[in-house]
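Taking it in order: structure first as structure tokens, then the write-up.
What follows draws every value from the coordinates through simple rules; no lab data is involved. Just so we're clear, the structure is a prediction, and the values are computed from it rather than from any experiment. Quick reminder, even Gly has a Cβ in these numbers, built from the backbone with ideal geometry, and neighbours come from all protein chains shown.
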Amino acid sequence: MRLSRISLMLLLAATFVLLSPAQAEQKVLRLATTTSTENSGLLKSLLPAFEKNSGYKVHVIAVGTGKALRMGQDGDVDVVMVHARMDEDKFVAAGYGINRRDLMYNDFVIVGPKRDPAGIGAVKDPAAALARIAAAKEAAFISRGDESGTYKKEQALWQAADIKPQGKWYRSIGQGMEQALQIASEMQGYTLADRGTWLALRKKLDLVILVQGDNRLFNPYGVIAVNPARYPDVNYQGAMAFIAWLTSPGGQNQIAAFKIDGENLFFPDAIQAKQASPK
Amino acid sequence: MEENLGHASLYALRLLLSGDPDLWNIIGVSFSVSVRAILISAPAAMVLAFLLAYARFPARLPLISTLQSLQSIPTVVVGLLVYMLLSRRGLFGDLHLLFTQTAMVIGQIVIAFLFVVPMAHGVLAAADRRAWETARTLGAAPWRAMFTVMTELRFGLLAVAIAAFARIITEVGTSIMVGGNIESVTRNIPTAIALETSKGEFAQGIALGLVLLVLALLLNVFLGMLQGKGEMR
């Protein structure tokens, strides 16, 4: 009885200690971005320099492009970094975001099993390659199925091929790029992937690149500040400082310097003229 | 694949012993959030459970059934509800709590609360009513008598609290949704495991899982000692 009273007091004391604010107020910048920039390690290599320069602490929330834009629309983050050009333009047109800047690009690749049962390795046109996978019906195609930028690109390609993908061979998984690649590897199926995630993960996968290099596989990334006219209390200053730094020669050079196994994952394109072309 | 369980276990041990700051940060988030949540929700839930078991009021039985059914609410639904309430467009948007540890604490409070009420009610309702009646006859105020009954049943209630704690500290749906899995801020053990698994770092994921198990074991040994001492008296 006495013991339980003592432990009760201890619990109460602990409650008060734990309830007191965890840390002093620090200027926080909330960034909603896609899993490809976070999980590839790009942000880990970029953010320390920005945080040191600006004094902001960046909180990264890595989700699909669709969800990231939704967070910006709702004012739950201060800045978004995504890859779905058409949706980004709509986002800005609707007044959800302002000051969109091109940031960098890479490309999509269609990966699949080495055996390549649908025989797409010889096809250059990505839409035609998808059509072959659909016609073969032999190996599965793993679709993100999640409003991500990659999924939107995939849908555009199906549309270009004039095919409505459905059937047992078409698996919509509703998960991230990494999961899609892992599932494709386990099932020995095909999938569309951004090159960054592919490079970061390929050692763990039993897949090869089958289609690449077509113009339609271009994958540009943009960065957009959430509109302070809609949400006066978003960290607009921080968002603009972040955009300014990312698109400055310093930030762009750091994007260019980011490599995995000697390969570039992203190519900066915020500065178009020659003056700051990174190497 | 050399990523077998033995390899992962060794790796987990090495991670723990090396004092890897990232790992300890993740552990810190997990425990700080879940301990806060359980300390806030369990006492309140137990008082409600007590009222449901001992007080008599009109809608009591339907309320009990409702609370019992709510136990099976998926944690992602709790996460979604908390998300919608805390989002800047939500009812409590002005508090700017989304993607903070506080948001995670709130989500886990709800989960733990919905878990503890029916379970504690079961413990309290199954107990001998005479403890309550005796205490009241001896002139104890209602709250004092309640405390007596709960003290009598402390082992059962503590078991409920431990089970609730286990549920929230391993919970991933709500944490990832309202916390956002932000590194060194809202990344706890379960969301870190989800992330590592998605990156194909299975060994790291298993290591984190083992860490959670070891810490849960330590906690339970400690609580078991508390219970043991109680019995010896």
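Computed over the Cα atoms of the range A:207-279, pair by distinct pair, the Kirkwood hydrodynamic radius stands at 14.8 angstrom. Classified by the C-alpha gyration tensor, chain B has an oblate form. Its axis ratio a/c, with a ≥ b ≥ c, is 1.5 or above, and a/b does not exceed b/c. How many percent of DSSP beta bridges within the protein assembly as shown run antiparallel, rounded to 5? Around 60 percent of the beta bridges assigned by DSSP in the protein assembly as shown are antiparallel ones. Set the Förster distance to 51 Å, then compute FRET efficiency between A:Lys44 and B:Ala55 from the Cβ-Cβ distance, nearest 0.05. After rounding, the FRET efficiency stands at 0.40.
Between the helical axis of B:202-232 and the longest alpha-carbon principal axis of chain B there is an angle of about 30 degrees.
Please determine, in degrees from 0 to 90 and to the nearest 10, the orientation of helix A:149-160 with respect to the longest principal axis defined by the Cα atoms of chain A, where the helix direction is its Cα long axis. Approximately 20 degrees, to the nearest 10.
With the convex hull drawn around the C-alpha atoms of chain A, the volume per residue stands at 191 Å³. Calculated translational diffusion coefficient of the protein assembly as shown (25 °C, 0.890 mPa s; Stokes-Einstein with Kirkwood radius over alpha-carbon pairs) equals 96 µm²/s.
Using just the C-alpha positions of the range B:12-131 as equal point scatterers, what log10 of I(q)/I(0) does the Debye formula give at each q in 0.09, 0.20 1/Å? Per q value, in the given order, log10 I(q)/I(0) is -0.37, -1.08. Between B:Leu63 and A:Ile173, the FRET efficiency estimated from the beta carbon spacing at R0 = 35 angstrom works out to 0.30.
So what is the relative contact order of chain A, in percent, for Cα pairs below 8 Å that sit 6 or more residues apart? It comes to 26 percent, rounded to a whole number. Using the average count of surrounding beta-carbon atoms within 10 Å as a protection proxy, the listed peptides B:139-148, B:30-39, B:85-94 rank, highest first, as B:30-39, B:85-94, B:139-148. Note on B:18-24: average number of Cβ atoms from other chains within 10 Å of each residue's Cβ is 0. By the helix-only formula, in which each DSSP H run with n ≥ 4 contributes -39500 (n - 2.57) and the sum is divided by residues, chain B has a 222 nm mean residue ellipticity of -25000 deg cm²/dmol.
The average projected area of the range A:61-115, computed from the convex hull of its Cα atoms over all directions, is 5.0 nm². How large is log10 I(q)/I(0) at q = 0.17, 0.29, 0.33 Å⁻¹ when the Debye formula is applied to the Cα atoms of the range A:83-130, each weighted equally and without solvent? Results for the range A:83-130 at q = 0.17, 0.29, 0.33 Å⁻¹ read -0.67, -1.09, -1.24.
Legend: calculated FRET efficiency, A:Ile260 to A:Lys124, from the Cβ-Cβ distance at R0 = 25 Å, rounded to 0.05, equals 0.45. Could you work out how far helix A:126-136 tilts from the main Cα principal axis of chain A, as a 0 to 90 degree angle to the nearest 10? The angle comes out at about 70 degrees.
Using C-alpha pairs under 8 Å with a sequence gap of at least 6, the mean separation divided by the residue count of chain B gives a relative contact order of 31 percent.
Antiparallel beta bridges, as assigned by DSSP with both residues in chain A, represent about 60 percent of the total such bridges. Based on Cα contacts under 8 Å between residues 6+ apart, the range A:119-181 shows a relative contact order of 40 percent. Computed packing ranks the peptides A:41-47, A:210-216 as A:41-47, A:210-216, most packed first, by mean other Cβ atoms within 10 Å. Modelled label positions at A:Lys90 and B:Gln71, each set 7 Å beyond Cα in the direction of Cβ, lie 4.4 nm from each other.
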